1. Out of (1) at pLDDT below 95; (2) open to solvent by less than 20 Å² (accessible area, probe 1.4 Å), the odd one out for ILE162 is which?
2. Any chance the range 206-215 includes a residue that's more than 23 Å from PRO243 (Cβ to Cβ) and open to solvent by less than 10 Å² (accessible area, probe 1.4 Å)?
3. Scan the range 316-343 for residues that are open to solvent by less than 40 Å² (accessible area, probe 1.4 Å) and either touching a His at 6+ places or on another chain (Cβ under 6 Å) or modelled with pLDDT under 95 (or both) and jot them down.
4. Of the conditions (1) open to solvent by 40 Å² or more (accessible area, probe 1.4 Å); (2) farther than 22 Å from ILE51 by Cα; (3) of a type outside the set (S, T, N, Q), GLU244 satisfies every one except a single condition; which number is it?
5. Are any of the residues in the range 381-400 open to solvent by 10 Å² or more (accessible area, probe 1.4 Å), of a type in the set (D, E, K, R) and farther than 27 Å from GLN143 by Cβ?
6. So in the range 6-48, with the set limited to residues that are polar (S, T, N, Q) and within 26 Å of the chain's Cα centre (by Cα), which one is least open to solvent (accessible area, probe 1.4 Å)?
7. Between a residue in the range 117-137 that is farther than 14 Å from GLY80 by Cα and any residue that is at pLDDT below 95 and open to solvent by 10 Å² or more (accessible area, probe 1.4 Å), which pairs come within a Cβ distance under 8 Å, given they are 6 or more apart or on different chains?
8. If a residue has to be in contact (Cβ under 8 Å) with a residue 60 or more places away in the chain and open to solvent by 10 Å² or more (accessible area, probe 1.4 Å) to count, how many in the range 401-416 make the cut?
Amino acid sequence: MKELIFLDGAMGTMLQTMGLKPGECPELLNISHPNRVKDVHRSYANAGADIVETNTFGGNRIKLGEHGLSDRAYELNYAGVRLAKEATQNMEVLVAASMGPTGRLLEPFGDLDFDTCYEAFKEQAQAFHDAGADIISIETMSQLGEARCALIAAKDATDLPIICHMSFEQGGRTLMGTDPITAINVFEAIGASAAGANCSVGPSDMIGVIRAMAESGEIPLSAEPNAGLPEFVDGTTVYPESPETMAEHAEELFLAGASIIGGCCGTRPEHISAIRRRLGKLRGQKPAKEMLQRILGKGSSGGNPKMRISGRTLTVDLGEKDTPGIIGFKIDAHLPEVAERLRNNDMDFISAKAREQFSSGARVLMVRLDAPGVDEVALMKDAINAIQMATGAPVAIVSQNPAAVEAGVKAFWGRALICTTDGARDTTIETIARRFGAAIAPFSALRGGIIHGNSEDH
């Protein structure tokens, strides 16, 4: 029997029925109206949810800053976990701490830098850990770079299982263009316990996303669709999916590969109850904690046995078959023109070279900046960002300098390839690769335009 565990439904939808007004900070209710939040958790637990998610979705200090509450981030997140634990004590229910987006665009598409984003998520994750959360659920991410940053921060701060969800549109990509295969490749490489999709679309539109992830990835999958696409009726947002219809689609999500199923916007306890009734026979009678171990215990410890690397919008399998000319070699400081442009910090030139190579068929862009007169460490982040502004392709960073490598993989939104120029093992670079989910291969593997076998993967 395939493992299956049930998540809860929407928090915001329920709090709105209890008086939360538009523009109010939901997380502040963890302090000002704790009983309302606890009532939501109990409602979902009584409806059959094995996991309830905390009222902390917008609890990072960047998002809380919109309400003047940045300095209360730890307090509000800690309180959110404790309320869920108290509401479900003596019940066979687990608590997943909800971690949502900052509301700002990450570099190079906005002004939010990785380190600021990372520290905000790390603070939130630390509060979750300290308050006794069982799981962290990263949710509603449309920026692959932000989801990746949240995952890295949560793994650095805790040893909790982490589910990482992206929010996909009807076309099967996020608003920033990321496809399901790319998302799961990046999350699996960093070490997510599970991955999946939530929000944006209804359950029928999510089936293809889950199926694509199941065919490509190895880790368990989670699905939290909305109760259909929102409609505006008499000035009010209405989600049309009935509990019965949502339960039918939930079974399709299960058959497509999801092991963790719940709901997002517009879903209520009656939706979760209907899903539990329809799918309960498929999960058996094992306790939730045992099911969690069986499902998330299969999660990734980081790395990926498949030699796949990803940019924001494209994943390339470098070990699958010969594809001559797949590597673009023109962003190379060993070329005199490139070195001169780099010395002048001409990132428009780097972007143009990236576009030119991609248009000509290159699907992985090499970046090598170690040349006399070129500050490899200082320029690596800008060069990677210039490439990301021009294409969504993966990159191969060629360097023996750990500081330069870290600057590059930190800035890159996807799963980069690191090539040490002499092919020698470097434990510092291996540690960086493992933390940021990058792959490693010797530089000699790039020659001939394709990597095929004999690679190291972290």
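1. Of (1) at pLDDT below 95; (2) open to solvent by less than 20 Å² (accessible area, probe 1.4 Å), only one is false for ILE162: (1).
2. There is at least one residue in the range 206-215 that is more than 23 Å from PRO243 (Cβ to Cβ) and open to solvent by less than 10 Å² (accessible area, probe 1.4 Å).
3. First, the residues of the range 316-343 that are open to solvent by less than 40 Å² (accessible area, probe 1.4 Å): 316, 318-319, 326-328, 331-333, 338-339, 342.
Scanning the range 316-343 gives VAL316, LEU318, GLY319, ILE326, ILE327, GLY328.
4. Result: GLU244 passes all but (2).
5. no
6. The first filter runs over the range 6-48 and keeps only residues polar (S, T, N, Q), leaving 13, 16-17, 30, 32, 35, 43, 46.
Subset that is within 26 Å of the chain's Cα centre (by Cα): 13, 30.
Working: THR13: 24, ASN30: 6 Å².
In this case the residue turns out to be ASN30.
7. As it stands, the answer is none, since no pair meets every condition given.
8. 2
The values are calculated or read from the model by the stated rules, or taken from the named source; none is laboratory data. This is a predicted model, so every value here is computed, not measured. Please note: Cβ atoms are built from the backbone with ideal geometry, for glycine as well, and neighbour counts cover all protein chains shown. To get the accessible areas, we keep the full protein, side chains included, count just its heavy atoms, and leave off ligands, DNA and RNA. Shrake-Rupley method; radii C 1.70, N 1.55, O 1.52, S 1.80 Å.
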